[in-house]
Amino acid sequence: MIVCIDGPAGAGKSTVARLLAQELGFEYLDTGAMYRAATLGALRHGVDWNQPEQLAQVVRGLQIHWANQRIYLDGQDVTDQIRSPELTALVHHVADNPQVRQWMVELQRRIGQGRNLVTEGRDQGTVVFPQAEVKFFLTASPEVRAQRRQEQLRQKGVEVPLEQILREQQQRDRRDSTRSVGPLVPAPDAIVINTDHMTVEQVVELLKQHIRSRTAPPSSA
Ligand code: DC
């Protein structure tokens with residue numbers, strides 16, 4: 001069974017997806033980490049970001065491997081490296097490239113084959129697993145998402161003004177929603193949930209309820 005969780009950055013997808021997978025005994029896939037690892041690989045190969053063909057060719061030659069909630073690039077664990085602000089600012093070159101996306105979709109489908117999986121990203125319910133049994137689209141208001149991001153950064157000892165986070169977030173939202181291939185949109189059959197006033201635990205509980213109701217065998221009464 002495949003459970004898709006899509007939505008914008010800061011809606012709480014990662015934490016919720018990881019916890020949900022754990023509680024269901026499913027595997028968890030972070031597709032954003034795959035795009036980030038591809039970006040790091042391209043960076044290491046010194047690709048010219050203005051040459052989409054070259055970029056796609058380089059990415060195609062990378063070994064991107066996801067195992068036990070860690071992401072490997074050519075055999076090296078890069079899970080922590082891919083979160084840097086420098087890399088985050090470059091991911092759009094990779095995520096906007098239609099050939100790269102096609103390759104990522106193939107990789108993700110292969111990972112999902114025959115598995116019980118909670119997969120998280122932007123296009124999981126729309127493009128990668130349109131036949132998935134349950135699809136969620138998590139949202140939150142821009143202010144709440146920015147506040148959550150600010151708090152995350154604060155815990156890492158980094159202080160960033162809310163206005164700056166909001167500005168960058170807006171830019172990312174625009175890019176994510178307007179890309180020609182795999183844009184950020186809810187699948188027509190996705191359950192849309194606004195997480196503004198919910199704790200992580202409440203969101204996970206709500207998703208579990210939806211999954212139960214979607215997968216419960218019809219009553220024999
Ligand atoms: O969720 P994240 O911030 O780690 O994602 C990193 C980037 O990858 C972000 O710019 C959106 C993009 N992405 C995507 O285009 N499709 C996905 N399925 C997952 C992420």
### Summary
Volume per residue (Å³) of the convex hull spanned by the alpha carbons of the stretch 66-197 is 142
### Query
Quick one: which of 80-88, 195-203 comes out on top by average Cβ neighbours within 10 Å, and what's the full order, highest first?
195-203, 80-88
## Note on the structure
In the stretch 93-166, taking the dipole from +1 charges on Lys and Arg beta carbons and -1 charges on Asp and Glu beta carbons about the Cα centre, the listed residue (121, 157, 111) farthest towards the positive end is 111
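How high is the relative contact order of the chain? Use alpha-carbon pairs under 8 Å, at least six apart in sequence, and give a whole percent. Don't jump to the answer; show the numbers that get you there.
On the way: 320 pairs, mean separation 71.4, N = 221.
It rounds to 32 percent for the chain.
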### Label point distance in nm, residue 86-residue 171, each placed 7 Å from Cα along Cα→Cβ
1.7
### Message
Report the Cα-based extents of the stretch 1-96 along its three principal axes, largest first, to the nearest Å.
### Response
42, 27, 24
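Taking a quarter of the surface of the Cα convex hull of the chain, what do you get in nm²?
Numbers: hull surface 52.2 nm².
Taking the Cα atoms of the chain, their convex hull projects to 13.0 nm² on average.
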#### Entry: Segment residue 156-residue 214, extension gain: residue separation times 0.36 nm, minus the distance between their alpha carbons
17.0 nm
### Query
Treating the beta-carbon of each Lys and Arg as +1 and of each Asp and Glu as -1, no other charges, what is the dipole magnitude of the stretch 88-150 about its Cα centre, to the nearest 20 debye?
120
### Query
Using alpha carbon centroids, what distance separates the stretch 23-57 and the stretch 160-187, in Å?
18
### Query
Taking amide hydrogens as modeled 1.01 Å from N in the peptide plane, which residues meet the under 5 Å criterion relative to residue 139, leaving out close sequence neighbours?
193, 194, 195
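Taking 0.36 nm per residue of sequence separation and subtracting the Cα-Cα distance, how much length would be gained by fully extending the chain between residue 116 and residue 206, in nm to one decimal? Walk me through the numbers before you get to the answer.
On the way: separation 90, 0.36 × 90 = 32.40 nm, distance 1.90 nm.
Result for the pair: 30.5 nm of gain on full extension.
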### Summary
Scalar couplings 3J(HN,Hα) for the stretch 35-49 by Karplus 6.51 cos²θ - 1.76 cosθ + 1.60 (θ = phi - 60°), nearest whole Hz, x for Gly and Pro, are 5, 5, 5, 4, 5, 5, x, 4, 4, 5, 7, x, 5, 8, 4
#### Entry: Cα lying deepest toward the dipole's positive end in the stretch 111-221, options 142, 186, 131, charges on Cβ
131
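Using unit Cβ charges (K, R positive; D, E negative) and no other charged atoms, how large, in debye to the nearest 20, is the dipole of the chain about its Cα centre?
Details: 26 positive and 26 negative charges, 42 e Å.
Value, rounded to 20: 200 debye.
None of the figures in this text is laboratory data; all of them are computed from the coordinates on show. The model shown is predicted, which means the values in this text are computed figures rather than measured ones. Note that we place each Cβ from the backbone using ideal geometry, even for glycine, and neighbour counts take in every protein chain shown.
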